[in-house]
Every structure is written in C-alpha cells, then in structure tokens.
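Asks: Just dropping this structure here.
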Number of protein chains: 2
Amino acid sequence: MYDVKEWRHAFKLDPDKLITDEDLEQVCESGTDAIIIGGSDHINEEDILNLMARVRRYLIPCVLEVSTLEAVVPGFDLYFIPTVFNSRDPKWIVELHKNAIKEYGELMDWDETLVEGYCILNEDCKAAKLTDADTSIELEDVKAYARMAENMFHLPIFYLEYSGTYGDPQVVKEVKSVLNSTKLFYGGGITTPEKAAEMAKFADTVIVGNVIYDDLKAALKTVGAVKS
Amino acid sequence: MYDVKEWRHAFKLDPDKLITDEDLEQVCESGTDAIIIGGSDHINEEDILNLMARVRRYLIPCVLEVSTLEAVVPGFDLYFIPTVFNSRDPKWIVELHKNAIKEYGELMDWDETLVEGYCILNEDCKAAKLTDADTSIELEDVKAYARMAENMFHLPIFYLEYSGTYGDPQVVKEVKSVLNSTKLFYGGGITTPEKAAEMAKFADTVIVGNVIYDDLKAALKTVGAVKS
C-alpha cells in the first residue's frame, strides 16, 4: 500500500487532454510521488482506461480521482473520492457518494479508497461552477472546514483547490496550522518552480496539473522545487 | 472516558418537557447506560443547564446532543453532533458544524465529541421537517448511508431516527448487517418493553424518549427488555 502521507508532489493528468508518449514518459519519470488521473470535463471510461494503461508502463503510483459514477475503472492503486464541503448542493457532499456506495458498496475495497475533503476557492473554475461551491467564504471558514475534515470526519486529505488560479500562500499556511493528522493538498495555478516551492512550504502535497499541457519543462521543474 | 460502543440502552430527555424529580430519579437509576439531553423544539441554554444539573445528582453518563449552536453548554461527559445525511440542505450536513467549529474550534475537545451520521425516516417528525430530510429513500439508500458513515467518514455512530413512530425491524436488521465498527443507534416509537426488545436484537443501542413522559412505567421496563 502506498503511503499518501509521504507524498510531497503529484501530477494530475486530465483524461480529456492529449499528451504524447514522450511527454508522458517525462512526467512519469520526473521523480513525482504519484500520478492522479482526474478532471471535470467530458470524463469517460474509455479515456480513463487508455490513460491508465499508458501510465502503467512506469513504476509510479496511479490514482483515480473519481468525479463521476459513470467512469469508475478498476485497476488503479488508489481511488480518491472528493466531498466538496463548500458546495451548496448535497449532491456533491454526500449524495453522489451514497449512490456510488449503493451500487458498488459491497465490491469496494475501502483500504484503497481515500476521501478528500475539498474546499474550492476559485469562483471561476469549472469545479466551482459544477458543484455550486460558495467560494466567497472567509479564511476562518476554510480553517473550520479543515478542522471538520480532520476531527469530525477523520479524513486523510483536506484539499485546497484553486484550480486554474494561484492561491494565497498565507491561506495555505493558516489552514496548515490547524491540521495534524489530515494532510493538506494544494492545487491550482502552479505554473513555475517558484510557485511550487512557495506552496510546498505550507502544503503537505502540491498538485501540478494544467502546466503539464502548457509548459512541460516548467512542470517538470516543479518536482525538484517541491522536494528540495 | 465512557465507552459508547458498550451502551445498549439510553434515555433521551427533552429539555423542553417537564419531568418531576421523582420521575427523573427513576430514569437515572433505571440501569440505563446513559442520559442524552436533546430535542428540536424551543431548545435554550437555560433549560439544558437546569436539566443537566438535575441529572448530575446521579452517577450516569450525561450527553448533550447538540441541535443548535445557541445552546452548547459545557460540563457534559460527551457531546453528540448529528450530521443528517439525508437532508436536502447542506446546512444540516456540514454547514452548521462548520459554523460551530469556526466559533469554538480551538476550544473543542474532540475526544469528548462524537459525530452521529443520522438518517431520518419518519417524514412526519419535527426533525425531518426541520432538516428537510428525504424520507422517501429505499432500504438500499439507507444501507449506503450506513456504509458511508463507517467507511468514508469513520463515524462512531449511525443513527436510524424514526422519531415518534416505530420503525421497521427488518430495516434495522439489514442496516446492522453492513456495519462493523460503527455502532447502530435506533430511536423512535419505543413505547413498550416488547418493542425495545425487538429493536435491541439488531440495533447496538436503543434510544427511548417520548414514552418517558407518556408512560414512565413502560419506559423503565425498556431497560431490562434491552439488556436481558
């Protein structure tokens, strides 16, 4: 079993985006701790299967971040299940999850399933719109959600999601200060090694996504920046 | 620290209802495992404080089931925090909790705070109306919520709430069958020792409430019925 608590850096690949074999090799052999496959747009089983199969050539933990019940594919090392605490719709907090458990509950291996308490903070991102997230909350609300993840729900991961924009390192620092056993994931706007290094001062794990497709060289450099 | 996992029977006292000292003594010395103070109507700090002080004359664990942020009183042995999985409003799933943690997070002793995953199944009860609970769900939904309580959120308690009406023992049996470490609380319509004994076959803990005020003798007999 992989120990997510040790991960400092992960790349998130979007099954809806194209990546060449050469680029994928560099991503998988970059020294990152894991590949997370996940996205919000046009997610389907076929694309996920193809991408998983291509990542499986490399000795790197491969995680599916489940975003729709229609595209849950067996064969991953781990499954991340987001629950969006600041959604205004129970669908994204507990309902889709209940439906998934209703359908697959008996088959699920809970040892390989990790729940992520999400707090989405960029109002313009697709995930915020999809989940009707209340992104106008204060720092103290975010810290309260973090404490909730750890103390009420005993979640392994609290995920600060700024998808598409670079967040406020002070927010990340403050949120980290209220967490003990629950690990803090940061994602969003990591376009340079400098930004990766800055967030890595506070977040336990830095997630790097879009820049893989926009500027692979910069993306690859974030690994060293986070780990040094 | 009291071990809730060992409790077979608890009385739930409503701070909005009157009980004489003599009746309260019989309730507290009945052999029940705990007194839970909680309710949905006109809950205020003063009534809770008074009732707690009166229960404190007896050597019995005394729990506050928190239903409003306006009436959280220190001095209880344990605090139960409900999260209503089948509510249609995030307020009752995570939002009130976040607000409570925002206000009291640094002061909270999480070792004495237990989260209850609630599923409210009597559409006519006040709790269902208050929380806009979807009581029309199928057995398989209820079982999925139970698995969610245990496996996603690692909650100590899953609470089947039929408040005011007697539930279906087969539902309780089926729900119990999917739980391992999370304990199953049953509450609602326990008006006779026979009903208490029937639910005690499947639920880990049987909660007896209204009958205390309607027929104390019958209420007291539920203790032996559950424990024998």
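The values are calculated or read from the model by the stated rules, or taken from the named source; none is laboratory data. Keep in mind that this is a model prediction, so the values were computed, not measured. Backbone-built Cβ (ideal geometry, glycine too); neighbour counts: all protein chains shown. We work out accessible area using only protein heavy atoms, side chains counted, and drop any ligands, DNA or RNA first. Shrake-Rupley method; radii C 1.70, N 1.55, O 1.52, S 1.80 Å.
Asks: As a test question: what accessible area, to the nearest 10 Å², does residue A:212 have when a 1.4 Å probe is rolled over all protein chains in place?
Replies: Its accessible surface works out to 10 Å², give or take rounding.
Asks: Please compute the per residue accessible area over chain B with all protein chains in place, 1.4 Å probe, rounded to a whole number of Å².
Replies: Using a 1.4 Å probe on heavy atoms only, each residue of chain B averages 43 Å².
Asks: Taking the Cα centroid of segment A:176-228 and of segment A:59-100, what is the distance between the two, rounded to the nearest whole Å?
Replies: For segment A:176-228 versus segment A:59-100, the Cα centre distance is 22 Å.
Asks: Of the accessible area of segment A:123-220, with the probe set at 1.4 angstrom, what percent is carbon plus sulfur?
Replies: Answer for segment A:123-220 is 45 percent, counting heavy atoms of protein chains only.
Asks: Here's another thing I want to ask about it. Relative to the compact globular guide of 2.2 N^0.38 Å, what is the alpha carbon radius of gyration of segment B:55-160, as a ratio?
Replies: 1.13
Asks: Sticking with this structure for a sec: Quick one: P(r) of segment B:103-208 from all Cα-Cα pairs, 5 Å bins, percents rounded to integers, in order of increasing distance.
Replies: 2, 13, 22, 23, 19, 12, 6, 3, 1
Asks: Report the local net charge at residue B:194: Lys and Arg +1, Asp and Glu -1, summed over other residues whose C-beta lies under 12 Å from its C-beta.
Replies: Once positives and negatives cancel, what remains is +2.
Asks: If you don't mind, there's one more thing I want to ask. What's the buried accessible area, both sides, between B and A using a 1.4 Å probe, rounded to 100 Å²?
Replies: Its buried surface, counting both partners, is about 2800 Å².
Asks: Any chance you could look up the accessible area of residue B:2 with a 1.4 Å probe, heavy atoms only, rounded to 10 Å²?
Replies: 100
Asks: In terms of modelled amide H atoms, which long-range or inter-chain residues lie less than 5 Å from the amide H of residue A:34?
Replies: A:11
Asks: Put simply, what bits of segment B:125-169 lose 20 Å² or more of accessible area when the other protein chains are there, versus the chain on its own (1.4 Å probe)?
Replies: B:140, B:141, B:144, B:145, B:147, B:148, B:151, B:152, B:153, B:154
Asks: Here is a further query. I need the phi-derived Karplus couplings for segment A:85-94: 6.51 cos²θ - 1.76 cosθ + 1.60, θ = phi - 60°, integer Hz, Gly and Pro marked x.
Replies: For segment A:85-94, the Karplus curve yields 4, 9, 6, 8, 10, x, 3, 8, 9, 9 Hz.
Asks: Here's another thing I want to ask about it. Given Cβ point charges of +1 (Lys, Arg) and -1 (Asp, Glu) and nothing else, what value in debye, to the nearest 20, does the dipole of the protein assembly as shown about its Cα centre take?
Replies: Dipole size: approximately 700 debye.
Asks: Which entries of A:173/B:98; B:12/B:217; B:102/B:176; B:12/B:221; A:195/A:227; A:5/A:143 show an alpha-carbon separation above 24 angstrom in the structure shown?
Replies: Going by Cα-Cα distance, B:102/B:176 fall outside the 24 Å limit.
Asks: I've got another one for you. What's the whole-number percent of alpha carbon pairs in chain A lying beyond 24 angstrom?
Replies: Cα-Cα pairs of chain A separated by over 24 Å account for 40 percent.
Asks: Per the Debye formula with a single identical scatterer at each Cα and no solvent contribution, what log10 I(q)/I(0) holds for segment A:28-106 at q = 0.12, 0.13 Å⁻¹?
Replies: Listed by q, the Debye log ratios stand at -0.38, -0.45.
Asks: Quick one: net charge of residue B:166's neighbours, Cβ under 11 Å, K/R +1, D/E -1?
Replies: Computed value for this residue: -2.
Asks: With springs only between Cα atoms under 10 Å, which of B:32, B:192, B:205 fluctuates most in a Gaussian network model of chain B?
Replies: Looking only at B:32, B:192, B:205, the largest GNM fluctuation is found for B:192.
Asks: Provide a list, ordered by number, of residues in segment A:73-101 showing at least 40 Å² less accessible area with every protein chain present than when their chain is taken on its own, using a 1.4 Å probe.
Replies: Listed in order, they are A:90, A:93, A:94, A:98, A:101.
Asks: Starting from 0.36 nm per residue, how many nanometres of slack lie between residue B:214 and residue B:132 once their C-alpha separation is accounted for?
Replies: Contour length minus Cα-Cα distance gives 26.8 nm.
Asks: Here is a further query. Through the Karplus equation 6.51 cos²θ - 1.76 cosθ + 1.60, θ set to phi - 60°, convert the phi angles of segment A:197-202 into ³J(HN,Hα) values in whole Hz; use x for Gly and Pro.
Replies: Listing the rounded values in order: 5, 5, 5, 5, 5, 10 Hz.
Asks: Tell me the carbon and sulfur percent of the accessible area for segment A:74-119, rounded to whole percent, probe radius 1.4 Å.
Replies: The C+S portion of the solvent-accessible surface of segment A:74-119 is 47 percent.
Asks: Counting just the Cα atoms, what span does the protein assembly as shown cover along each of its three principal axes? Round to the nearest Å and put the largest first.
Replies: 79, 40, 33 Å, listed from the longest principal axis down.
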